[in-house]
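Below is one structure; the comments refer to it alone.
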Amino acid sequence: MMLRKFILAAMPCVLLSGTALAEPVFNRVASFPVNTNLPADVDQKTETSAEIIDASRDGMTLVYTDSPAKRIGFIDIADPKTPKAAGGIEMGGEPTSVSVSGDYALVGVNTSESYVKPSGKFVTVDMASRSVKQSCDLGGQPDSVAVSPDGSLAAVAIENERDEDLNDGKMPQMPAGLVTIFKLKDGVPDCAS
């Protein structure tokens, strides 16, 4: 993956034979103001945030969650020194995590009305068409998404945030969190699995 090679190229070599280790170094190649990826009809001063980020299989596109704007965004990094806005799509709730699986972005979306009625969905986004392929009900508020190294499974951590004002935030608070595992076929979750 080009992104991994790119990141590794920015790190110094470390010798493990007992000689001195170099200090970690981070070399900024470019930065990208997330607000420039907002739709043209949206005020550029609108609050945005790139929180969780993953890369396409070819390493040319980044996909990120933008919780305040309730959308995911895409950035073209074919030329890493000049990242370009590549649009985004609304998620119908707060995207909390994203993980790329094949040609798809798998997104955990919080749709909760309250702490006692948490809800969420697991949305599959076709990265080429920038469209929603499917949505699986999670029955709780997702916090993070991960795809197994072999691409056969996706795990969604259901957080179900606690109410910090209730009993000074003391635990336990119901409903409890859980982990949901989906089988993947060609990068797409089987909602029934």
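The values are calculated or read from the model by the stated rules, or taken from the named source; none is laboratory data. These figures come from a predicted structure and were not determined experimentally. Cβ placement follows ideal geometry from the backbone for every residue including glycine, while neighbour counts extend to all protein chains displayed. Ligands, DNA and RNA are excluded from the accessible area calculation, which covers all protein heavy atoms including side chains. Shrake-Rupley method; radii C 1.70, N 1.55, O 1.52, S 1.80 Å.
Go through 78-85, 92-99, 151-158 and give me the packing order, highest mean Cβ count within 10 Å leading.
Per-residue Cβ counts within 10 Å, averaged per peptide and sorted highest first, yield 92-99, 151-158, 78-85.
Relative contact order, percent, of the stretch 51-193 when contacts are C-alpha pairs under 8 Å separated by at least 6 residues?
16
Roll a 1.4 Å probe over the protein chains and send me the accessible area per residue for the stretch 26-169 in Å².
51
Quick check: convex hull over the Cα atoms of the stretch 68-108, volume per residue in Å³, rounded to an integer?
90
Too long at a 29 Å Cα-Cα cut-off: which of K121/K185; K45/K117; K84/K117; K70/K133; K117/K185?
K45/K117; K84/K117; K117/K185
Highest first, please rank the peptides 55-67, 138-150, 26-38 by the mean number of other Cβ atoms sitting within 10 Å of their residues.
Taking the mean over residues of other Cβ atoms within 10 Å, the ranking is 55-67, 138-150, 26-38.
Quick one: what are the phi-derived ³J(HN,Hα) couplings along the stretch 57-73, Karplus 6.51/-1.76/1.60 with θ = phi - 60°, whole Hz, x for glycine and proline?
Along the stretch 57-73, the couplings run 4, 7, x, 9, 10, 9, 10, 9, 8, 10, 4, x, 8, 6, 8, 10, x Hz.
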